[in-house]
1. Counting residues in region 388-461 as N, plug N into 2.2 N^0.38 Å and put the Cα Rg over that result.
2. Hey, what did region 107-221 get for relative contact order, percent, Cα under 8 Å, at least 6 apart?
3. Any chance you could run the full-extension gain for Asp97 through Lys202? It's 0.36 nm times the residue separation minus the Cα-Cα distance, nm to one decimal.
4. From largest to smallest, what semi-axes in whole angstrom does region 153-296 give when each is the square root of 5 times an eigenvalue of its alpha carbon gyration tensor?
5. Over the chain, what is the relative contact order in whole percent, taking alpha-carbon pairs under 8 Å and six or more residues apart?
6. Would you please give the FRET efficiency between Tyr17 and Ile110, computed as 1/(1 + (r/R0)^6) with r the Cβ-Cβ distance and R0 = 41 Å, to the nearest 0.05?
7. Hey, can you grab everything whose amide H is under 5 Å from the amide H of Ala399? Only 5+ residues off in sequence or another chain; H modelled, so Pro and N-termini drop out.
8. Residue by residue through region 176-184, what is 3J(HN,Hα) from phi via Karplus (6.51 cos²θ - 1.76 cosθ + 1.60, θ = phi - 60°)? Round to whole Hz and write x for glycine and proline.
Amino acid sequence: MDLLVKNGTLVTATDTYRADIRVAGEKIVQIGDALEADTGTLVVDATDKYVLPAGIDPHTHLASPGQGTTTADDYLTGTIAAACGGTTSIVNFCFQDKGDSLEHAVNQHIQSAAAKAVIDYGFHAMISDLTPSVVDEIATLPARGVTSIKLFMAYRGSMMVDDRTIIKTLAEAKRNGILVMVHAENGDAADFLQQQLLAQGKIDPKYHAPSRPPRVEAEATARAAALAEVVGASIYFVHVSCTEAVEEIQRARARGVDAIGETCTHYLYFDEEDLDRPSFEGAKWVYTPPPRGKHQPPQMWRAIAGGSLGIVASDHCPFNFDGQKDLGRDDFTRIPNGAPGIEERLIFTYQGVVDGRLSLNRFVDLVSTRAAKTFGLYPDKGTIAIGSDADLVVWDPAAELTISKSALHSSVDYTLYEGKKVRGLPDTVTLRGAVIVENREYIGQAGGGRFIARKPFTSHV
Ligand SMILES: [Zn+2]
């Protein structure tokens, strides 16, 4: 059925204007004033509402392993939660077991997403073991629609890679139109500090923060940026959490390095005191890098408003409080690292618009457009233009809600944002022209999402 979105205020990363949108099949075919509905056209009235390009979340861990367990959302529950939060595309990580091929890791995720995902999905390859055959595989990834690779500088003994792996991957990736993403923390330093704290009997969740202080992140950020500079590659920093790391990204950029920084919604809201909540509740805030000092969230808002960081992702990595986070009751290093946020991401970034910290256009760039451009989805995704996929969010700026676990759709058993009051919510969401969320209720179809073969990475520097 064709669709007409009427009377809304369209907001892209650059423009805000009143217009109607006509959708035929999966695409936007007309944008203009006072468009008339043909018979059989579904009309969505967006009076007093914004119409945005739907969210793109380039950092999710659905159906993914973590510290001996698996994340609480699969491709069905995780993508329903994403859709209800206004996101219609994700790029999920495919972890490579040691000795395994990248192809096998990606294929496993393609299979588990196909029958379940209700929104569109692409994949990042993760490399933990750069064998000669994996080096050869890198060149084959773009033909498979996989144009980014993630490396871990942390998690010594499991996913951490050495500097030789980093520089070699950067060089291969650059040759093949692939963007390398790094989790930048000095894994040896974090491991040393963890062991030191445990030896002193410091086992509670609050010790997660001092076990990986800001300089541990900043050191790895500077090192990875330097390695990218040496081979002339672009580099993407996931979940940047602190000013010390932002400064290293800015220093690299000042030297001409194409260093791209992402932060996550939770770094805009929480600080290390949340790790010290009573009754082990602090374990809910054990994500990596950890929540920082009280001064840090306002500085992260300034970093996203001013452009030092260009993308807000969720790093949705949900582990249940009961049955998963408890694995670390007697040892904070055994608490699975990660927190949910796939549904909360747009809502809580938008509060920056409510508070006057962000413009509407900046908000759209942070949660959608910049990710589309960086990860090879633009202009099919990430904007409102003729020929683009009709992935739209009708956003009600007047709607209010007190966030609670029961109001959200992830299968995880908590939200970091419990009890927080928000203004501005997604109310209708379309995926390639099909309404999948109406009045904040999910009405889509399991398996309605589609694999996105992403375009090769091109540097904007
Ligand atoms: Zn992550």
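Taken together, the values in this text are just the output of simple stated rules run on the coordinates, not laboratory data. Everything numeric in this text was worked out from a predicted model, so none of it was measured. In this analysis, Cβ positions are derived from the backbone assuming ideal geometry, glycine residues included, and neighbour counts consider all displayed protein chains.
1. 1.41
2. Contact order relative to length: 23 percent.
3. 34.7 nm
4. Sorted largest first and rounded, they come to 29, 17, 12 Å.
5. The value is 22 percent.
6. That gives a FRET efficiency of 0.60.
7. Those qualifying (amide H under 5 Å, at least 5 residues apart or on another chain) are Gly424, Leu425.
8. Ordered by residue, 3J(HN,Hα) equals 10, x, 10, 9, 8, 10, 10, 8, 9 Hz.
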